[in-house]
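Right, one structure below, let's go through it.
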Amino acid sequence: MTQLIHSRSILTASAAVLCAFLVPTAHADVFGSGANTLTLEFVTIGNAGNTDDRGAGGGLYSTPYGGVSYGYRMGTYEISQDAITKATAGGLANVVTGPHTGNEPAANMSWFQAAAFVNWLNDQRTPGLKAYDVAGNSMTLWASVDAWQAGGENLYRHKDAYYFLPSEDEWYKAAYHQNTGVNADYWDYATGSNSAPIQALTDGTLAGSAVYNGVEAGFPADPADVNLAGGLSAYGTMGQNGNVFEWQESAFDGINNWEFDNRAIRGSSWLGGVVYLRSSGSDYIPPILSNFDIGFRVASVPEPSSTVLMISAGLLAIARRRRRAAL
């Protein structure tokens, strides 16, 4: 019996250590089938338990967001028009998008329509599962027993949601947190800097750049493709500065207890100026509204590391062999 307990202790401790260090940094999730297969790439947002932006990192524009008590994943890119087109062919209904095409960001979608796309993703993974109880441009709040509780009760998001619109804290952390540890501070801009991004007025992936301020370029017709939308944040997301504004899950007050509360948008657009690129730059608009320069990205719960799973399985097999030998 002593040997069995010892084996279990080794297994538990080893798995815990592995989970702490072998965390995936990027993972692509696949949806649909055939010609309508779509792939969404996610990056891991670690440093669980970090605090809100305290403004101690030398920046000028901090606001009290960004503290998240759990790990999660954030979409590397904004959702593209191509993703919406393929999801619609795969059964997503009642979603009307704007003038952009192909790999340009999907826009002109209300918050409720973005939530419907998220529900489609969840249903693809687990039939019948949905993050939001939406119907058209309305929604019903989840009962407390069914609502998301991590980091505080959230009546918009279902407790079992695998994919979801990022809350303002989740979005802010992925964009501005310096990613050097749980006690790290924040950058002013989502390009890993306290200096305004280089203006990539059309497209590009130059470090420290963003697609914005298009007014000075004579109002270019379209944003950049989602994978050509400037430099990366400290966690590896692209386009959280510029290209299109992005819907946040959160209501203006962060309480999420009324379905028609104004929702946050952040990040500025290819036409917007520098003010909304900053960590202090946010706006709040009714969730039924849509506009050609407002899109969104998707967040997700963490994906277990395949390496951890394989090694843990090996440890479990060793423990079982030791158990048989002890009997």
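If only one of THR202, THR191 is surrounded by fewer than 23 Cβ atoms within 10 Å (Cβ to Cβ) and among the β-branched types (Val, Ile, Thr), which one is it? Outline the logic, then answer.
Numbers: THR191 fails: surrounded by fewer than 23 Cβ atoms within 10 Å (Cβ to Cβ).
Exactly one of THR202, THR191 is surrounded by fewer than 23 Cβ atoms within 10 Å (Cβ to Cβ) and among the β-branched types (Val, Ile, Thr), namely THR202.
Quick one: in region 288-301, which of the residues that are surrounded by 17 or more Cβ atoms within 10 Å (Cβ to Cβ) and under 26 Å from TYR162 (Cα atoms) is nearest to the chain's Cα centre (by Cα)?
Going through the qualifying residues, I end up with ALA299.
Has region 187-204 got at least one residue that is assigned by TED's automatic domain parsing to the domain that holds ALA143, closer than 26 Å to ASN47 by Cα and in a strand (DSSP E or B)? Spell out the reasoning first.
Of the residues in region 187-204, the ones assigned by TED's automatic domain parsing to the domain that holds ALA143 are 187-204.
Filter once more, keeping what is closer than 26 Å to ASN47 by Cα: 187-197.
Imposing the further condition that a residue be in a strand (DSSP E or B) reduces the set to 189, 193.
Yes, some residue in region 187-204 is assigned by TED's automatic domain parsing to the domain that holds ALA143, closer than 26 Å to ASN47 by Cα and in a strand (DSSP E or B).
Yes/no per residue for (1) at pLDDT 95 or above; (2) part of a loop (DSSP other than H, G, I, E, B); (3) outside the structural domain of VAL134 (by TED's automatic domain parsing):
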{"residue": "ARG54", "(1), (2), (3)": "no, yes, no"}
{"residue": "SER62", "(1), (2), (3)": "no, yes, no"}
{"residue": "ARG73", "(1), (2), (3)": "yes, no, no"}
{"residue": "TYR77", "(1), (2), (3)": "yes, yes, no"}
{"residue": "ASP82", "(1), (2), (3)": "yes, no, no"}
{"residue": "THR88", "(1), (2), (3)": "yes, no, no"}
{"residue": "LEU92", "(1), (2), (3)": "yes, yes, no"}
{"residue": "VAL95", "(1), (2), (3)": "no, yes, no"}
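Can you pull out the residues in region 209-253 that are part of a loop (DSSP other than H, G, I, E, B), over 22 Å from PHE112 (Cα atoms) and polar (S, T, N, Q)?
Once the filter is applied, which keeps residues that are part of a loop (DSSP other than H, G, I, E, B), over 22 Å from PHE112 (Cα atoms) and polar (S, T, N, Q), region 209-253 yields ASN213, SER233, THR237, ASN241.
For (1) closer than 21 Å to SER290 by Cβ; (2) touching a Lys or Arg at 6+ places or on another chain (Cβ under 9 Å); (3) buried (at least 17 other Cβ atoms within 10 Å of the Cβ); (4) among the polar types (S, T, N, Q), each residue gets a yes or a no:
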position	(1), (2), (3), (4)
PRO127	no, no, no, no
ASP146	no, yes, no, no
ASP169	no, no, yes, no
TYR186	no, yes, yes, no
SER195	no, no, no, yes
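More than 20 Å from ALA28 (Cβ to Cβ) and of a type outside the set (Gly, Ala, Ser): is that true of VAL118 in this structure? Before the answer, list the steps.
Working: more than 20 Å from ALA28 (Cβ to Cβ): no; of a type outside the set (Gly, Ala, Ser): yes.
No.
Among ILE265, ILE285, which is buried (at least 16 other Cβ atoms within 10 Å of the Cβ) and either in contact with a Phe, Trp or Tyr (Cβ under 7 Å, 6 or more places away or on another chain) or at pLDDT below 95 (or both)? Outline the logic, then answer.
Working: ILE285 fails: either in contact with a Phe, Trp or Tyr (Cβ under 7 Å, 6 or more places away or on another chain) or at pLDDT below 95 (or both).
Of the residues listed, the single one that is buried (at least 16 other Cβ atoms within 10 Å of the Cβ) and either in contact with a Phe, Trp or Tyr (Cβ under 7 Å, 6 or more places away or on another chain) or at pLDDT below 95 (or both) is ILE265.
Could you check, for region 254-262, whether at least one of its residues is part of a strand (DSSP E or B), modelled with pLDDT of 95 or more and not basic (Lys, Arg)?
For region 254-262, residues part of a strand (DSSP E or B), modelled with pLDDT of 95 or more and not basic (Lys, Arg): absent.
Here is a yes/no grid of residues against (1) under 15 Å from the mean Cα position of the chain (by Cα); (2) among the hydrophobic types (A, V, I, L, M, F, W, C):
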| site | (1), (2) |
| --- | --- |
| LEU232 | yes, yes |
| ASP253 | no, no |
| ASN256 | no, no |
| ARG263 | no, no |
| TRP270 | no, yes |
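Counting only residues that are surrounded by 15 or more Cβ atoms within 10 Å (Cβ to Cβ) and either over 21 Å from ARG278 (Cβ atoms) or not hydrophobic (A, V, I, L, M, F, W, C) (or both), how many does region 243-260 have?
Here the count works out to 9.
Residues of region 182-200 being within 20 Å of VAL68 (Cβ to Cβ) and not small (Gly, Ala, Ser), which ones?
The initial filter retains those residues of region 182-200 that are within 20 Å of VAL68 (Cβ to Cβ), namely 182-190, 192.
Matches in region 182-200: VAL182, ASN183, ASP185, TYR186, TRP187, ASP188, TYR189.
From GLY254, GLY267, which residue is farther than 19 Å from ALA196 by Cα and among the small types (Gly, Ala, Ser)?
Numbers: GLY267 fails: farther than 19 Å from ALA196 by Cα.
Answer to the selection: GLY254.
The values are calculated or read from the model by the stated rules, or taken from the named source; none is laboratory data. Just so you know, these numbers come straight off a predicted model, no measurement behind them. With ideal geometry, Cβ positions are generated from the backbone for all residues, glycine too; neighbour counts draw on all protein chains shown.
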